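Next up is a structure, given as structure tokens.
The values are calculated or read from the model by the stated rules, or taken from the named source; none is laboratory data. In this text the structure is predicted, and so the values were computed from the model without any measurement. Cβ: placed from backbone, ideal geometry, glycine included. Neighbour counts: every protein chain shown. Ligands, DNA and RNA are stripped out before the accessible areas are found, and what is left, the full protein with its side chains, is counted by its heavy atoms. Shrake-Rupley method; radii C 1.70, N 1.55, O 1.52, S 1.80 Å.
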Amino acid sequence: MGIARVVRHLFAPHWIVRRAFPKSSLQAIERAVRESEKSHAGELRVAIEGPLHVWAVAAGETPRDRAVELFSQLRVWDTEHNSGVLVYLQLVDHCIEIIADRGIHAHVGEQAWSRICRRIETSFKARRYEAGVLEGIREITELLGKHFPAEGRNPDELPDKPVIL
């Protein structure tokens, strides 16, 4: 898979993100994140990326590695209740990764995040990108609402707008 993956990323156009997620889809995702965060004390970020830098791919960087890197860069870990969740969409590798901060991850566990990723991937295979992400946000909202319900002061600690990389 090494050389084939490098070639895919090398020749993938950057506009694939906009083709899969036009402005209206990005706005719908932003609204869904904003509404989600009203019902819990967690923070949700969505990051969408087309091709990775060819050197990162050649060095063996996986979508999971990249998601962990972005979790840090986007400061998803830096929330009051340690309840930040990053949904990372890597379009060239057709991979979805969810990275959750230790506060929420301790309550939910890897299997729940994996199930949500697989459901989003199923929607993506049917080219239902926006619908897949919105369904994932709904499922994450249920988990955050169950374990970190909104009580009293509920500041919006991170931007709601999806990050396009």
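Could you pull out every residue, at least 5 positions away or on a different chain, whose amide H is within less than 5 Å of the one on Ile164? Hs are placed 1.01 Å off N in the peptide plane, and Pro or chain starts have none.
When sequence neighbours closer than 5 places are left aside, the close amide H contacts are Ile48.
Just the projected area, averaged over all directions, of the convex hull on the alpha carbon atoms of segment 77-165: how many nm²? Walk me through the numbers on the way to the answer.
Details: hull surface 24.0 nm².
If I average the Cα hull's projected area over directions, I get 6.0 nm².
Starting from the Kirkwood radius over alpha-carbon pairs of segment 13-60, derive D by Stokes-Einstein at 37 °C in a medium of 0.692 mPa s and give it in µm² s⁻¹.
Details: Rh = 12.9 Å.
So the translational diffusion coefficient is about 255 µm²/s.
While we're looking at this one, here's another question. What does the convex hull of the alpha-carbon atoms of segment 56-127 project to on average, in nm²? List each step's numbers first, then the result.
On the way: hull surface 20.8 nm².
Result: a mean projected hull area of 5.2 nm².
How long is segment 1-97 along each principal axis, judged by its Cα atoms, biggest number first, in Å?
Taking max minus min along each principal axis of the Cα atoms, segment 1-97 gives 44, 29, 17 Å.
At 7 Å along the Cα-to-beta-carbon direction for both Glu110 and Arg75, put a label point, then send me their distance in nm to one decimal.
Spacing of the two 7 Å Cα→Cβ label points: 3.0 nm.
Using Cα pairs under 8 angstrom and six or more residues apart, how large is the relative contact order of segment 21-165, in percent? Display every interim value, and only then the final one.
Numbers: 216 pairs, mean separation 56.8, N = 145.
It comes to 39 percent, rounded to a whole number.
From largest accessible area down, sort Phe148, Phe11, Phe21; use a 1.4 Å probe on the protein chains.
Details: Phe148 30, Phe11 155, Phe21 0 Å².
Greatest to least solvent exposure: Phe11, Phe148, Phe21.
Also, quick follow-up: Which of Leu143, Phe124, Leu165 sits closest to the plus end of the dipole of segment 116-165, meaning its Cα is farthest towards the positive end, when Lys and Arg get +1 and Asp and Glu get -1 on the C-beta?
Positive-end residue among those listed: Phe124.
Return the distance in nm (one decimal) between the two label points of a simple spin-label model at His94 and Arg19, each offset 7 Å from Cα along Cα→Cβ.
Between His94 and Arg19, the label points sit 1.4 nm apart.
With each run of n ≥ 4 DSSP H residues scored as -39500 (n - 2.57), what mean residue ellipticity at 222 nm is computed for the chain after dividing by its residue count and rounding to the nearest 500 deg cm²/dmol?
-16000 deg cm²/dmol
Starting from the Cα of Gln27, step 7 Å along the direction of its Cβ; do the same at Ile164; then give the gap between the two resulting points in nm.
1.4 nm
If we count every other residue with Cβ under 14 angstrom of Pro51's Cβ, Lys/Arg +1 and Asp/Glu -1, where does the sum land?
Numbers: positive: Arg5, Arg8, Arg18, Arg19, Arg66; negative: Glu49, Glu61, Asp93.
Once positives and negatives cancel, what remains is +2.
Over the Cα atoms of the chain, how large are the radius of gyration and the largest Cα-Cα distance (Dmax), in Å?
Radius of gyration, then largest Cα-Cα span, for the chain: 15.5, 52 Å.
Additional query: Heavy-atom accessible area of Phe71 with all protein chains present, probe 1.4 Å, nearest 10 Å²?
20 Å²
So how exposed is Trp77, as accessible area in Å² (1.4 Å probe, rounded to 10)?
Counting only protein heavy atoms, the figure is 100 Å².
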